[in-house]
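Next up is a structure, given as structure tokens.
Rule-based calculations on the coordinates, nothing more; no lab input. These numbers were taken from a predicted model, which means no experiment stands behind them. Cβ coordinates were reconstructed from backbone atoms using ideal geometry, including for glycine residues, and neighbour counts include every protein chain displayed.
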Ligand SMILES: Nc1ncnc2c1ncn2[C@@H]1O[C@H](COP(=O)(O)OP(=O)(O)O)[C@@H](O)[C@H]1O
Ligand SMILES: [Mg+2]
């Protein structure tokens, strides 16, 4: 409701402003003049509005995509919740037993899983202070399931038992139809699509579930709450019998009446329920609120890179606006002269133009915003299907209309357009009346301002640079120096330095500055601001160099193009026009090159990151399989001896094996401000510590290599290695979410870890253990706990045996991973251990990662379309401007095709310059950008994404040529006699 | 009088359609002999420019025929018609209409290049033409660096550089002051004396008087034709043209 209000206010306020102006008598006249102007040449007005809309579209598409990304993340994170918002579980039993997610898997329970009885459930219901909450009781357990016919088995399939009328379970089949459970009988079982694939079981098949025989009566895609993709649903009574837990449940789920919009710690489960839970040793988890929170964190992480790109797109949009408005003002030049001659005051003239601008702003911004939303939503729909965790079912997403984001985009559009109009109006109102009436170009402007501005810029630059040097920050130093170079270049011609020399030297200096490694100028931080700035600075300087040497460029181009057949008469004019109007062609080139630069950079990032995922072992620590013990009772087996004894597997085919046990506990950093957070702690056995291949990029003083760190961890039980996700970073890397606990005083850019970095880990019995952090593994370590210690270390924390319940296995021969996986599965089936090959999972992850990147690139490509369309707008404008000339050329004997070639070459010169500049700068900036990724992902290597570059360059060329061809056709079709009558 | 270079017969031209249509030319006929200077006179809007455009093939016609050097130009394809303009016709316009980004020399070169001349050859001929109009020293100047009279002389050089059979001039003095006007007229007379065929539109009787014949138009028709060749060959004195 309030969102809708925002939207209404946002749309209405500029209109209101116009209305207010229109009420005053002088305003009314201005409005009338402005209206007349807009309707006098509908085609022109449309063109201007189109250009401006395209720019506004860039704004709103950026916003939409970001909002959509956020929603996609939320949908992904909440995908396994079904209708459940929160859950109460008995604390010992980690009922969310998810074999695919090691950190979630629980401790072995010797005496069977702890459970809740009906009194417990009633007490929870009574304690709830949130009205309208639906409370359901579920039993969710890993149960061995076998399919005799296909000889497939799963030692610990998550089976959810729910009352047939329970609303927490809302099963939906693959066609989106709900699956009814009313008629579910004792020996009926519903299985998920993933389980059906694993077991090769279909509807009607008979499965052995623990010691019973059950018939598959349906296959669902989603809807089993708190279950991994491979799961099954049976009636509650049946599962209670199977597990021998009569009248017991192990999860009480809560579904609130209201939508969850609050933060994790404000969830109702933290109210009355918490004391009840504490008293009974239950755990109350605000699942949805915390899923939202991790989604938000993921979005922020993804957004940093996205932000760089969308900011660059927005700069392109602003340039486009300036371009269009300037052309509009240029066209009116003579008219302004007449108005001024007739006695209209300058301010008035500016006012009329600015008012007209406001009209355009409202129109174009509204249209562009809506279009951008459509485009962004379209792109994000594709995106949403892909940004999914392999462990989670694909979420079904609906992309709504985010009123606040749209209102922001709209207002930015209106604001930028109006401001640009106002500035251009002020400038245009200073027309030289005589020159304007004669249709000649205005004489050079006064020299005073031309001196003041560079001097001011020089001073500002010096100050900024000084500040930067003192603080040791590269961003400030570089910005300051850039200003200094720019000011000197622009100002020195006033001191009789030849203009070409001064301008070129200024531009070259800026290019050199930003091409040097930025570390030379101080601390660069791990952020991406510097890349944004360098992109802008380099594009600006490149264009400056280009336009201040336009005559040389002309000469070179003429020489280059003249030998082409049938070009002699066309080339001089085309080349002259393409570079003559410095401002216009400079800005068009800048806009195109920014867009191309953006895509090129994202191509470089994609290529670098994908390098890592190309080999699954680089993110799994060098392993090929993961094995998890999922049996509810007994003691975990010793994997090595199982293999040795089993007839199914040849141990010589098995390479390294490493095991670990894990628990989820609260931990905090000692001497830090932040409080305790939930973290996954691994107790890794010796084999794992010796056998894993994760590089440790940040090490405690005295430890010189990754091996030394792992070795130290093996020897000292009070040490730990932590995952890179616990180190805050705003780099552009596309990986993983952060951990709940973020370490303070550690930066990814540090040389080594502080010597006294310690964690205080709370054990289940309330005692605490201190672990010294001796190493940080980078973020690409996707199969590693937040905190890793040794088996003994974990035993000290929990006070219990910590023998491994999960293992990683590497095949001796990489070519035979498939066979080893199959053999291991056979060998381990009877021991309650599941086996997952990691390669597929990593590939899936890489591909969904790649899809995100490709989609972002597609979004950027969309910027390209906008850039090229802008080129079309500019071309068509210059055709109308030069109709009379076209008439003359046709009269003196130039063919239609000649006119076409003329305009085609003209816009191709601009396009090719833009692309060349963009790609060239991409090569200049990308090593630094990739280097900055190395902060999070030491494994990235600088790769030139040849295919991407070819596609970008090809697409830009094809599209801009297409636009130019269309525009130049129009030029060729201008009827000469009529054009000659045109005096504009 | 020798053979007719231009033979316009009964041409009509209507702009627009239905209610909004207006007849710009109603059955206009005109014959121009080689080496003749014909002035077309008449009030504004009477169809002078339209006649020029239709006779030169710049604009299409709705009826009648136009023979230029014996060829029905409206029967030609547009392409051929354009080639014909490039090779056999020159144009001079009221607003000079030089290409602002090209130097005087490059502007003059243009028709030669369009007619297929080799670049080196084109350059020397263009220089000669500029010399002819007395602007050889301004060959590198851009149009914006020349006065109106100078620009129009460059435009004339462009009109004659390729030795066209006919030069069409639509109010070539319309935008000039009196000094420039007489300068341009003197130039045109020199060229005419060398055998140039010139069709010139003007609404100024003094300027029109330079022609061998004056065709007076009104409301899309040829009103009357005055033959000046009967008068003394000198024509009006140089000082007389009004503005
Ligand atoms: N393209 C056109 N569309 C409509 N009417 C036109 C067009 N060109 C000329 N006219 C009309 O034809 C008539 C003759 O115009 P024109 O030949 O330019 O006159 P002149 O050159 O004698 O001043 C005028 O009434 C003019 O309005
Ligand atoms: Mg006329």
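Sort A:416, B:184, A:9 so that the residue with the fewest other Cβ atoms within 10 Å of its own Cβ comes first and the one with the most comes last. If you can, show how the numbers build up before the last one.
Numbers: A:416 21, B:184 24, A:9 12.
Fewest-to-most ranking of A:416, B:184, A:9: A:9, A:416, B:184.
Can you put A:342, A:314 in order, fewest other beta carbons within 10 Å first?
On the way: A:342 8, A:314 20.
Ordered by Cβ neighbours within 10 Å, fewest first: A:342, A:314.
Let me ask something else. In peptide B:80-86, how many Cβ atoms from other protein chains are near each Cβ within 10 Å, on average?
If you average over the peptide's residues, the count of other-chain Cβ atoms is 4.
Nearest 500 deg cm²/dmol is fine: what mean residue ellipticity at 222 nm does chain A get from its DSSP H runs of n ≥ 4 alone, each adding -39,500 (n - 2.57), divided by its residue count?
Only helices count here, giving -18500 deg cm²/dmol.
Moving on. Please work out the Cα center distance from region A:556-625 to region A:123-163, rounded to the nearest Å.
Distance between centres, Cα-based: 55 Å.
Let me know the mean shielding of A:974-980 by other chains, meaning the per-residue number of their Cβ atoms within 10 Å of its Cβ.
Mean number of neighbouring Cβ atoms from other chains: 5.
Between residue A:583 and residue A:515, what's the calculated FRET efficiency when r is the beta-carbon distance and R0 is 25 Å? Round to 0.05.
The calculated FRET efficiency here is 0.45.
Please state the relative contact order of chain A as a whole percent: Cα pairs under 8 Å, 6+ residues apart? Please list the in-between numbers first.
Details: 1912 pairs, mean separation 148.6, N = 984.
With pairs under 8 Å counted, the relative contact order is 15 percent.
Among A:33-41, A:469-477, how do they line up from the highest to the lowest mean number of other beta-carbon atoms within 10 Å?
So the peptides A:33-41, A:469-477, ranked by packing, come out A:469-477, A:33-41.
Write down, largest first, the equivalent ellipsoid semi-axes of region B:54-133 in whole Å, where each equals the square root of 5 times an eigenvalue of the alpha-carbon gyration tensor.
Working: eigenvalues 150, 42, 23 Å².
Each semi-axis is the square root of five times an eigenvalue, giving 27, 15, 11 Å.
Further question on the same structure: Could you work out, residue by residue across B:103-109, how many beta carbons of other chains sit within 10 Å of that residue's beta carbon, and then give the average as an integer?
2
Here is a further query. Please report the antiparallel percentage of the DSSP beta bridges confined to the protein assembly as shown, to the nearest 5.
70
If you consider only alpha-carbon coordinates, what radius of gyration and Dmax does region A:863-954 have, in Å?
20.2, 66
Which order do B:112, A:592 fall in if you start with the one that has the fewest other Cβ atoms within 10 Å? Each step should come with its number before you reach the end.
Details: B:112 27, A:592 30.
Lowest count first: B:112, A:592.
Over region A:584-650, what portion of Cα pair distances is larger than 20 Å, expressed as a whole percent?
Here the tail beyond 20 Å accounts for 64 percent of pairs.
Could I ask something else about it? Enter the angle in degrees (range 0 to 90, nearest 10) between the Cα long axis of helix A:706-715 and the first principal axis of the Cα atoms of chain A, meaning the one along which they spread out most.
That helix lies at roughly 30 degrees to the long axis.
Give the Cα extents of region A:631-831 along the principal axes, in whole Å, largest first.
55, 39, 30
Kirkwood Rh over Cα pairs of region A:137-182 into Stokes-Einstein at 4 °C, 1.567 mPa s: D in µm²/s?
The diffusion coefficient I find is 104 µm²/s.
Sort out for me the Cα centre separation of region B:48-115 from region A:751-766, rounded to whole Å.
Cα centroid to Cα centroid, the span is 89 Å.
How big is Rg to Rh over chain B, alpha-carbon atoms, Rh as the Kirkwood inverse-mean-distance radius?
Looking at chain B, the ratio lands at 0.96.
For helix A:447-471, report the angle its Cα long axis makes with the longest principal axis of the Cα atoms of chain A; keep it between 0 and 90° and round to the nearest 10°.
Around 20 degrees separate the two axes.
Quick check on region A:86-285: what are the equivalent-ellipsoid semi-axes from the Cα gyration tensor, as sqrt(5λ), descending, whole Å?
29, 18, 15
For helix A:817-829, report the angle its Cα long axis makes with the longest principal axis of the Cα atoms of chain A; keep it between 0 and 90° and round to the nearest 10°.
30
Given a cut-off of 15 Å, what percent of all Cα-Cα pairs of region A:1-42 lie beyond it?
Every Cα pair in region A:1-42 considered, those over 15 Å come to 56 percent.
Regarding chain A, what are the three Cα extents along the principal axes, ordered largest first, in Å?
Result for chain A: principal-axis Cα extents of 100, 61, 55 Å.
Now a separate question. Taking the Cβ-Cβ separation of residue A:760 and residue A:175 as r and a Förster radius of 60 Å, what is the calculated FRET efficiency to the nearest 0.05?
Details: r = 51 Å, r/R0 = 0.86.
For R0 = 60 Å, the calculated efficiency reads 0.70.
On to the next question. At a temperature of 37 °C and a viscosity of 0.692 mPa s, determine how fast region A:535-668 diffuses translationally according to Stokes-Einstein, using the Kirkwood radius over alpha-carbon pairs as Rh; express D in µm²/s, rounded to the nearest whole number.
Calculated translational D: 149 µm²/s.
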